[in-house]
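All remarks here apply to the structure that follows.
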Number of protein chains: 2
Amino acid sequence: VTAGGPVPALLTALADIVGPANVVTDPDVVAAYAADWTGRFRGTAAAVVRPADTAEVAAVVSLCRTRRAALVPQGGNTGLVGGGVPLHGEVVLSLRRLAGIGPVDEAAGQLTAGAGATIAAVRAAAEAAGWEYGVDLGSRDSATVGGTIGTNAGGLHMLRHGDTRAQVVGVEAVLGTGAVVSHLGGLLKDNTGYALAPLFCGSEGTLAVVTAARLRLVPRPTHRVVALLAFDEVPAAIGAAHALRRALGSLEAAELMLAAGVGLVCETTGAPPPFPGPHAAYLLVEAAAGHDPTEELGDALARLAGVAGEAVAVEPARRRELWNYRESHPPSVNGLGAPHKLDVTLPADAMAAFVAEVPGVVAEVAPEARTWLWGHVADGNIHVNVTGVEPDDERIDDAVFHLVARRGGSISAEHGIGAAKRRWLHLNRSAAELDAFRAIKRALDPDGILNPHVLLPTG
Amino acid sequence: VTAGGPVPALLTALADIVGPANVVTDPDVVAAYAADWTGRFRGTAAAVVRPADTAEVAAVVSLCRTRRAALVPQGGNTGLVGGGVPLHGEVVLSLRRLAGIGPVDEAAGQLTAGAGATIAAVRAAAEAAGWEYGVDLGSRDSATVGGTIGTNAGGLHMLRHGDTRAQVVGVEAVLGTGAVVSHLGGLLKDNTGYALAPLFCGSEGTLAVVTAARLRLVPRPTHRVVALLAFDEVPAAIGAAHALRRALGSLEAAELMLAAGVGLVCETTGAPPPFPGPHAAYLLVEAAAGHDPTEELGDALARLAGVAGEAVAVEPARRRELWNYRESHPPSVNGLGAPHKLDVTLPADAMAAFVAEVPGVVAEVAPEARTWLWGHVADGNIHVNVTGVEPDDERIDDAVFHLVARRGGSISAEHGIGAAKRRWLHLNRSAAELDAFRAIKRALDPDGILNPHVLLPTG
């Protein structure tokens, strides 16, 4: 690429659309958009384009289609699988300027947010009107509406309110053709053609650039109760999580922990052991409702089998103490050296076997490794953290993903496939499914300019 | 078409796949598949093909693709928009033999059902295991899993549990290419490619023939409370429905009725007026939960504005008496002569205006007509019944659909577009959206053999 060649011509044309100030080419600034926050995925880009609205996004996509220039849509750049950074020299299409949030529709319990609005901003807007947005996650201050749609983020309240797909009533988006499709009316019953919004959720920016979304809100709970339970057998803890999910409509969280993880947390944080003796497994549960769920929770706990210890907390400071055992897991494990992190889902009836098997499977390829497990067990999601190996040691992925697939699980619970997991997607998806995905991709992005190097293996 | 011509050759080849007994050509038998149950939509078919399993469906679709023979997938044939009958001489592909229902997965709260299983059978299987299927509808004994997926049926519990799309965790389906895609593992967190199941929900058999579905179940409520409320202003009743939806997680139904409809019901059924004086509007609400919701409901009712009369029922016989005012609306109105029925959705903040305007809009094109309104107002769905006109008088559709579109509503709440509403789809969907739909259709059904005459206007 030389001066006057195709790239400068493209940049000039982009500047005509978004203004020169919004075509960023300063290498120092571009670098921040070209690498993910973990530093594991690092690419290069000729430019970062920052359109102001849907019309500018459409013009940018149309231009890039004409020039056959690939784009990587990017929100808060908090992804974990290299799906939002220009690993193959793509132009970065930053949606952060589309950060507007409309008023809360009080009757419908909905709001419309731009793709660049952060989850924290959406949550604040909902809360100011007495509602709550059903998705929350640790990266809330940076993660955006568009990014969480691209990955179909689950987050902390998935068990109660469902994934991002369950919140998105409609979207406005620019297809790979440059066409704008907009369906933001927020109607809950509306069978007038194919449902594009759920298709775009989890499509990792490969089908369309979502520019705005109509989001369902949920009533804010007024009462919360937390309980920490101890079990002497892991299967009993898993069974208890499923029993509570069935018994309690108000269940918001059910987090599995194991003896080693709780022991490490006590050691590193100085917290006292939650119960006098050690136990094989722990379950942290939280119920939240518009009425006091303490009695319902108590009744449900009384019906559980195998509970070897129980602590219930209503008062906020004590609730935080109990949550601390769970929330200190990541920092405590990180303290042993950057762990190799995997995010997988198992069928309900395979979780206990997986928990028992995975340390051995890891040890087979990395005898020096140590495996730490915890997670949102009631929705089948478990975090596998491996210490004592390099964070990008693919032997670990390979061994764990094959075990997951054998047990009927998913190699991507909520992080997506991105660049990181393309080579293992065939473990979860048949050739016929991949062909169908590619056909849909060609239908909406016929020239293959939207995030062409993620998700789908080269077919 | 003559003996030995293309149709007999096709029938012979179909018989090779499904067996001669399952290629039905007897005109008397075919006629039952070729007309809908209302008799409004009546076509002809050379044959009805009844495959036994997914492999036979795939072979039938592949064969028909080779022969360029169009297929109409059909379940219980309870549709209301002519979307499941051969209006253009298509071969009828009946899925009724795929009626198997697998065991309830107790930990996950799910089951797998064949496309031909009736909703009643799925509900019975769930109930036998102590669970409930979140979709129910009046046609439950005939309507099938496949048919309700094709139309994305809402039904009686939509307010609480969402539409059919919200229940379908995964599907097995045969694409228009003949390829089988299957993803029935039931994982709730599973971001491994494009979400086909929600795309197929509401696609009216135009993209794929769904052969089986993995369905989410919900816990069975143990307590129910019903309340009938009277209001002297329609907007107050609508506002109350939205306030209750926000206040009560246990709300299962919120049905709006008007003075004229309740008066007609009392006249035709002999039921006493629900309250001493007449009132402009009534709201029937039901709360159901795993705990007793009476107190929560009472608290929420106490906070409503404009309530002019209130009756609360816990005891089953009294609950039925209150429900009778709502459930007697269709038969009472039907007694005035077959009504013209429309099923539309309005935005929450436009419902009151629509209710006020629609009788006048109908009277403009049909001064002799009378308009009756009732519906699931909390999810924006209202039934418009017009008596005193021919049931298929399209002047009514035209006038009401234009009003709906002006108010930001949907011309199809849950019945779908089918053959009946194709000419009005442009009121809800832009040219860009229709182009995107057609591109997706071509991607998954490249030869256009799956239900080619429904949903999408000829482009």
* Cβ-based net charge around residue A:120, under 11 Å, with every Lys or Arg adding one and every Asp or Glu removing one -> -1
* **Convex hull (Cα only) mean projected area of chain B, reported in nm² to one decimal** => 22.6
* Amide H of residue A:375: which non-local residues (sequence gap of 5 or more, or other chain) have their own amide H closer than 5 Å, using H built in the peptide plane? -> A:256, A:383
* **Gyration tensor verdict on the stretch B:396-445 (Cα atoms; rounded if a/c is under 1.5, prolate if a/b is larger than b/c, oblate otherwise)** => prolate
* Distance cut-off 20 Å, percentage of C-alpha pairs in the stretch A:187-256 lying past it -> 59
* Structure fact -> When B and A pair up, the total accessible heavy-atom area removed from solvent (1.4 Å probe), in Å² to nearest 100, is 5800
* Structure fact -> In short, the stretch B:196-230 residues buried by 30 Å² or more of accessible area relative to the isolated chain (1.4 Å probe) are B:196, B:198, B:199, B:219
* Would you jot down the residues in the stretch A:283-316 that end up with at least 40 Å² less accessible area in the complete protein assembly than in the chain alone, with a 1.4 Å probe? => A:291
* Assigned charges on the beta-carbon of Lys, Arg, Asp, Glu; the stretch A:389-459 dipole about Cα centre (debye) -> 320
* Asked: Taking only Cα atoms, what is the 0 to 90° angle, nearest 10, from helix A:119-128's long axis to the longest principal axis of chain A?
  -> 70
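Could you state, as a whole-number percent, how many of the C-alpha pairs of the protein assembly as shown are farther apart than 38 Å?
46
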* To do: Quick one: accessible surface of residue A:268, probe radius 1.4 Å, all protein chains present, in square angstrom to the nearest 10.
  => 80
* Asked: With every protein chain in place, what's the accessible area of residue A:141 (1.4 Å probe, Å², nearest 10)?
  -> 120
* Which whole-number value in Å² is the accessible area per residue of the stretch B:1-112, probe 1.4 Å? -> 43
* Of all accessible surface on the protein assembly as shown at a 1.4 Å probe, what whole percent is carbon and sulfur? -> 54
* Projected area of the stretch B:239-397, taken from the Cα convex hull and averaged over every viewing direction, in nm²? -> 9.8
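If you average the sequence gap of Cα pairs under 8 Å that are 6 or more apart and divide by the length of chain B, what percent do you get for the contact order?
Relative contact order here is 15 percent.
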* Summing Lys, Arg as +1 and Asp, Glu as -1, what charge do residues with Cβ under 15 Å from the Cβ of residue B:367 carry, residue B:367 excluded? -> -2
* For chain B, build the charge dipole from Cβ charges (+1 Lys, Arg; -1 Asp, Glu) around the Cα centre, then report which of B:57, B:415, B:145 sits farthest towards its positive end. => B:57
* Structure fact -> For the stretch A:297-407, the per residue accessible area (1.4 Å probe, Å²) is 42
* For the stretch B:321-435, take the alpha-carbon Rg, divide it by the Kirkwood Rh, and send me Rg/Rh. => 0.97
* Teacher prompt: residue A:55 distances to equivalent labels in other copies, 7 Å Cα→Cβ, nm -> 5.8
* Structure fact -> So the FRET efficiency between residue A:393 and residue A:233, C-beta based with R0 = 35 Å and rounded to 0.05, is 0.65
* Over the alpha-carbon set of the stretch B:133-245, work out the extent along each principal axis and list the three values in angstrom, largest first. => 57, 29, 27
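D for the stretch B:184-317, whole µm²/s, Stokes-Einstein with Kirkwood Rh over alpha-carbon pairs at 37 °C and 0.692 mPa s: what number? Walk me through the intermediate numbers first.
Values: Rh = 17.8 Å.
Roughly 184 µm²/s, to the nearest whole number.
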* Where only C-alpha atoms are counted, convex hull volume of the stretch B:88-176 per residue in Å³ -> 113
* Using DSSP loop states and a limit of at most 16 other Cβ atoms within 10 Å to flag GluC sites (Glu not before Pro), what is the longest stretch of chain A containing no flagged site? -> A:1-232
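With a ≥ b ≥ c the root eigenvalues of the C-alpha gyration tensor of the stretch B:267-312, is it rounded (a/c under 1.5), prolate (a/b larger than b/c) or oblate?
Oblate.
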* Given the C-alpha centroids of the stretch B:229-290 and the stretch B:396-459, what is the distance between them in whole angstrom? -> 33
* **1.4 Å probe, heavy atoms, protein only - residues of the stretch B:413-455 losing at least 20 Å² accessible area vs chain alone** => B:413, B:428, B:429, B:432, B:433, B:436, B:437, B:439, B:440, B:443, B:444, B:455
* Asked: Simple spin-label model, 7 Å along Cα-to-Cβ: residue A:320 to residue B:29 in nm?
  -> 7.3
* Asked: Taking N as the number of residues in the stretch A:63-218, what is its Cα Rg relative to 2.2 N^0.38 Å?
  -> 0.99
* Quick one: check the C-alpha center-to-center distance for the stretch B:176-208 versus the stretch A:159-180, whole angstrom. => 17
* Asked: log₁₀ I(q)/I(0) of the stretch A:297-382 at q = 0.16, 0.18, 0.21, 0.22 Å⁻¹, via Debye over equal Cα point scatterers, no solvent, to two decimals?
  -> -0.90, -1.06, -1.23, -1.26
* Under a point-charge model restricted to the Cβ atoms of Lys and Arg (+1) and Asp and Glu (-1), what is the dipole moment magnitude of the stretch B:209-365 relative to its Cα centre, in debye to the nearest 20? -> 600
* Structure fact -> Residues other than residue B:69 with Cβ under 15 Å of its Cβ, Lys/Arg counted +1 and Asp/Glu -1, net out at -1
* Work from the charge dipole of the protein assembly as shown (Cβ charges, +1 for Lys and Arg, -1 for Asp and Glu, about the Cα centre) and give the residue of B:219, B:293, A:386 farthest towards its positive end. => A:386
* Residues of B:239-247, mean number of Cβ from any other protein chain within 10 Å of their own Cβ, rounded to a whole number? -> 3
* Calculate the all-directions average of the projected area of the stretch A:46-121's alpha-carbon convex hull, and give it in nm². => 6.2
* To do: Note the distances from residue A:458 to each other copy's matching label point, with points 7 Å along the Cα-to-beta-carbon direction, in nm, sorted shortest first.
  => 4.5
* Asked: Toward the positive end of the charge dipole of chain A, about the Cα centre and with charges on Cβ (Lys, Arg +1; Asp, Glu -1), which of A:457, A:329, A:371 goes farthest?
  -> A:457
* To do: Order the following by accessible area, largest value first: A:118, B:206. Probe radius 1.4 Å; ligands, DNA and RNA are ignored.
  => A:118, B:206
* **Between helix B:6-18 and chain B: long-axis angle, C-alpha atoms, 0 to 90°, nearest 10** => 80
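Can you give the convex hull volume of the alpha carbon atoms of the stretch B:1-131 per residue, in Å³?
Cα convex hull per residue, to the nearest whole number: 125 Å³.
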* Reported to two decimal places, what Rg/Rh ratio describes the stretch B:368-423 when computed on Cα atoms with Rh from the Kirkwood expression? -> 0.94
* Asked: Along the three principal axes, how long is the stretch B:140-184 when you take its alpha carbons, biggest first, rounded to the nearest angstrom?
  -> 35, 21, 14
* Which value, in debye to the nearest 20, gives the size of the charge dipole of chain A about its Cα centre, when Lys and Arg are +1 and Asp and Glu are -1 at the Cβ? -> 960
* To do: Using only the Cα atoms, work out Rg/Rh for the stretch B:262-341, with Rh taken as the Kirkwood radius, to two decimals.
  => 1.01
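The values are calculated or read from the model by the stated rules, or taken from the named source; none is laboratory data. If you're wondering where the values come from, they're calculated on a predicted model, not measured in any experiment. Virtual Cβ from ideal backbone geometry, glycine too; neighbours counted across all protein chains shown. What goes into the accessible areas is simple: the full protein's heavy atoms, side chains included, and nothing from ligands, DNA or RNA. Shrake-Rupley method; radii C 1.70, N 1.55, O 1.52, S 1.80 Å.
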